[in-house]
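**Student:** Got a structure here, written out as C-alpha cells. Questions coming.
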Amino acid sequence: MKRTTLLLLFTTALATSWAGQTITLTVTNPMSQPRTDEPVVISLAEYGNIRSALVTTAGKEVPCQLDDLNQDEQFDELCFLADLDKKETKTYTVILSDEGEPRSYPARVYAEMVMANTKDKTLKKHQQNNYIESITARGDAAYTYNLQHHHGVDFESELNGIRIYFDARQTLDLYGKFKKQLELKETQFYTTDEQKAAGYGDDVLWVGQTFGLGAFRGWDGQKPTHVEPVRTRTQRIISYGPLRTIVEVTDRGWQLPTPTAQSQQPSANSPKPTVNMTLRYTQYAGHRDTDVNVLFNRDVSDYRFSTGIINVKGSVEFSDKQGLRACWGTDYPSTDTLKWKRETVGLAVLVPKKNIVSEEPANKDNYAYVLKVDGNSMSYKVTYTSANESFGYHSAQEWFDYLKAWRKEVESPVKVELKKL
C-alpha cells in the first residue's frame, strides 16, 4: 500500500510540474516472448508547437526523444522504446508541453559527419573535428568519395556501425564490434592499434561496386545501376539521438534507367526522365537492424530498381523466397591483406514481398532483388552481424535461425492504442 501511494504521489508531482497536453498509451506485445527496445512513435501534427515532453510508466520516467523531421524548427514526432514481457500490456503517460527544452538522456546511438582538419597537423586520423551536418555536391563534382573524412555519414547503435559512401554507389559499409558499446566517436571508422587492443571494433567488409548491405539502386533490365547521373547529391543528419538517429541521402535530378512499360518509353529526342529520391535511414538503440525508407517526388511505378547484399567470398546463402535473403562468409575487408585479417560476417536484407519483381540468381558480386515501387515510396530493412561479437552469432546456422525469428518480430510489431486526456 505504501509503495502504491508513493508511485501515485510521484506521478502526480511529475504531472503538476509538466502541465500540458496529456496522452495515455497502451502498448501490447502480441508475441509469446519478451521484447526489448521496441519503438513507439507518436506524430505531433495535431498537438501544436511542442517543445518538450515527459513519458512515464508505473511512476517511472522513460527516456524519450523529439524529432524535427523536415527541419522547420518544429518537432514532428516523439519516440520512446518499450520493454515488454511476453503478451504484456503496459500503460504509458505522455505529457506534451509548448514550453521548455527536450529532456536530456544518455546517448544510445551516435551519428557523425566530419571533414578532415588539415590545419591542425597534431590530430591523428581518428581525431578529426571539422564536424558538419549536411553536405551537397553537384553531379559533376570530380570525386565526392573523399570530401568527408570517413567517406560519408556514419551512425551506430550499441550493436552495429554503418557508413554510407558519398558517391554514386551510396553503399552501406560495415563496422564490426566485440562489445556492446558506442565507438564511432572515438574511432571514426579508423581504429588504432591501441584501440583494437582495448577491445574496439573495426571495418569488417570490402564492398567495391557491390550492394554492400542493402544499397538501393536502379535496374537497367539486366543489372543494377549506380545512382547517376544526378544534378546534386546530399547527405545530412536529421536526428542525433539519444534513442534513434536518422540520416538522409537525397539525389536530385536522377536520370532513371528506361521504364519497363512500352507506353512510357521516351522518344529519341525527348529528355531523359528525372526524379528526386530521398533515402532515409533510421537506427534505433538496442537494434542491429536499420530501417530504410525510400521516397520519390513522383510516381515511379513504371520503373525498376534493385537492392541486395554482397556475395561475400565463399559465402553460404539463405533465402526464404519471401523477401528475406542472407549470407554468411569470410573475406578480407581491404585489398591490403598484410595489414588486415580476414573477417566473417552475416548479412541480410528484408524486402516486402509486394515490392519484389524477381529474386536474381547469385553472381560473383551480389545476391540481388529486382524491385518495383507502388507509387512513390517503399520501405525495407537491413541487418548484419560480425563473428567478432561477444554478444552475437558465430555460425551460418545461428545467423539464419536468428533471421527467421527476427522476421517474425518485424511482422508482429507492438500494438499501440492512444487516448487523449
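The values are calculated or read from the model by the stated rules, or taken from the named source; none is laboratory data. Fair warning: this is a prediction, and the values are worked out from it, not measured in the lab. All Cβ positions, glycine included, derive from the backbone under ideal geometry; neighbour counts span all protein chains shown. Accessible surface areas use protein heavy atoms only, side chains included; no ligands, DNA or RNA. Shrake-Rupley method; radii C 1.70, N 1.55, O 1.52, S 1.80 Å.
**Student:** Report the semi-axes of the equivalent ellipsoid for segment 147-230 in whole Å, largest first, where each axis is √(5λ) for an eigenvalue λ of the Cα gyration tensor.
**Tutor:** In descending order, the three semi-axes are 28, 12, 10 Å.
**Student:** Next question. Explain nothing, just the number: relative contact order of the chain, from Cα pairs under 8 Å at least 6 residues apart, as a whole percent.
**Tutor:** That works out to 15 percent.
**Student:** Using 1/(1 + (r/R0)^6) with R0 = 56 angstrom and r between the beta carbons of Ser390 and Lys119, what's the FRET efficiency to the nearest 0.05?
**Tutor:** It comes to 0.90.
**Student:** Only helical DSSP H runs with n ≥ 4 go in: add -39500 (n - 2.57) per run for the chain, normalise by residue count and round the 222 nm mean residue ellipticity to 500 deg cm²/dmol.
**Tutor:** Calculated from helices alone, the mean residue ellipticity at 222 nm is -3000 deg cm²/dmol.
**Student:** Treat each spin label as a single point 7 Å out from the Cα along the C-beta direction, and report the Ser301 to Ala107 distance in nm.
**Tutor:** 4.4 nm
**Student:** Springs between alpha-carbon pairs under 10 angstrom, Gaussian network model over the chain: which of Gln74, Gln148, Gln65 fluctuates most?
**Tutor:** Gln74
**Student:** Oh, and also: Lys/Arg Cβ at +1, Asp/Glu Cβ at -1, dipole of segment 156-269 taken about the Cα centre: which of Phe211, Thr225, Tyr190 is farthest positive-ward?
**Tutor:** Thr225
**Student:** Using only the alpha-carbon atoms of segment 318-414, report the extent along each of the three principal axes, biggest first, to the nearest angstrom.
**Tutor:** Projected onto its principal axes, the Cα set of segment 318-414 covers 48, 31, 22 Å.
**Student:** Could you tell me which of the pairs Lys90/Lys408; Lys87/Lys180; Lys321/Lys372; Lys180/Lys419; Lys341/Lys404 are separated by over 25 angstrom between their Cα atoms in the structure shown?
**Tutor:** Where the Cα-Cα span goes over 25 Å, the pairs concerned are Lys87/Lys180; Lys180/Lys419; Lys341/Lys404.
**Student:** Taking the alpha-carbon set of segment 30-172, what are its Rg and Dmax in Å?
**Tutor:** Cα radius of gyration and Dmax of segment 30-172 are 19.8, 57 Å respectively.
**Student:** If you don't mind, another one. In whole Å, what are the extents of segment 71-138 along the principal axes defined by its C-alpha atoms, from largest to smallest?
**Tutor:** Between the extreme Cα coordinates on each principal axis of segment 71-138 lie 55, 32, 28 Å.
**Student:** Give, in nm to one decimal, the length gained when the segment between Ala58 and Thr234 is fully stretched (0.36 nm per residue of separation minus the Cα-Cα distance).
**Tutor:** 59.0 nm
**Student:** Determine the per residue accessible area of segment 291-421 with all protein chains present and a 1.4 angstrom probe, expressed in square angstrom.
**Tutor:** Value returned for segment 291-421: 48 Å² of accessible area per residue.
**Student:** Say we join alpha carbon atoms closer than 10 Å with springs in a Gaussian network model of the chain; which of Ala137, Ala405, Ala53 then has the biggest fluctuation?
**Tutor:** In this elastic network of the chain, the residue with the biggest mean-square fluctuation among Ala137, Ala405, Ala53 is Ala405.
**Student:** Can you tell me the orientation of helix 2-17 relative to the chain, as the angle in degrees between its alpha-carbon axis and the longest Cα principal axis, to the nearest 10?
**Tutor:** The helix 2-17 is inclined about 70 degrees to the chain.
**Student:** Taking a quarter of the surface of the Cα convex hull of segment 27-109, what do you get in nm²?
**Tutor:** For segment 27-109, averaging the hull's shadow over all directions gives 6.1 nm².
**Student:** While we're here: How big is the Cα convex hull of the chain in projection, averaged over all directions, in nm²?
**Tutor:** 24.0 nm²
**Student:** For segment 85-239, go through all pairs of different Cα atoms, get the mean of 1/r, take its inverse, and jot down that Kirkwood value in Å.
**Tutor:** The answer is 18.1 Å.
**Student:** Moving on to the next point. Going 7 Å from the Cα of Ser377 along its beta-carbon direction, which residues of segment 274-307 have the amide nitrogen within less than 16 Å of the resulting point?
**Tutor:** 276-282, 291-301
**Student:** Here is a further query. How far is it, in nm, from the label point at Val41 to the one at Val316 when both lie 7 Å from their Cα along the line to the Cβ?
**Tutor:** 3.5 nm
**Student:** What Kirkwood hydrodynamic radius, in Å, does segment 167-208 give when the mean of 1/r is taken over all pairs of distinct Cα atoms and then inverted?
**Tutor:** The Cα-based Kirkwood calculation yields 11.2 Å.
**Student:** Dividing the alpha-carbon radius of gyration of segment 209-357 by 2.2 N^0.38 Å (N being the number of residues), what value is obtained?
**Tutor:** Rg over 2.2 N^0.38 Å, computed on Cα atoms: 1.20.
**Student:** May I ask you to derive the FRET efficiency for Lys87 and Arg51 from their Cβ-Cβ distance with R0 = 51 Å, giving the value to the nearest 0.05?
**Tutor:** So, using R0 = 51 Å, E works out to roughly 0.90.
**Student:** Give, in nm to one decimal, the length gained when the segment between Val357 and Tyr190 is fully stretched (0.36 nm per residue of separation minus the Cα-Cα distance).
**Tutor:** Result: 56.3 nm gained on full extension.
**Student:** Within 10 Å, at most 11 other Cβ atoms, and a DSSP state outside H, G, I, E, B define an exposed site. Report the longest part of the chain free of exposed GluC sites (Glu not before Pro).
**Tutor:** With GluC sites (Glu not before Pro) excluded where exposed in loops, the chain gives 100-410 as its longest stretch.
**Student:** Using R₀ = 30 Å, calculate the FRET efficiency as 1/(1 + (r/R₀)^6) where r is the Cβ-Cβ separation of Asn130 and Gln71; round to 0.05.
**Tutor:** The pair Asn130/Gln71 has a calculated efficiency of 0.90.
**Student:** Between Ser319, Ala362, Val373, whose Cα lies farthest towards the positive end of the dipole of segment 293-421 when Lys and Arg beta carbons carry +1 and Asp and Glu beta carbons carry -1, centred on the Cα centre?
**Tutor:** Farthest towards the positive pole: Val373.
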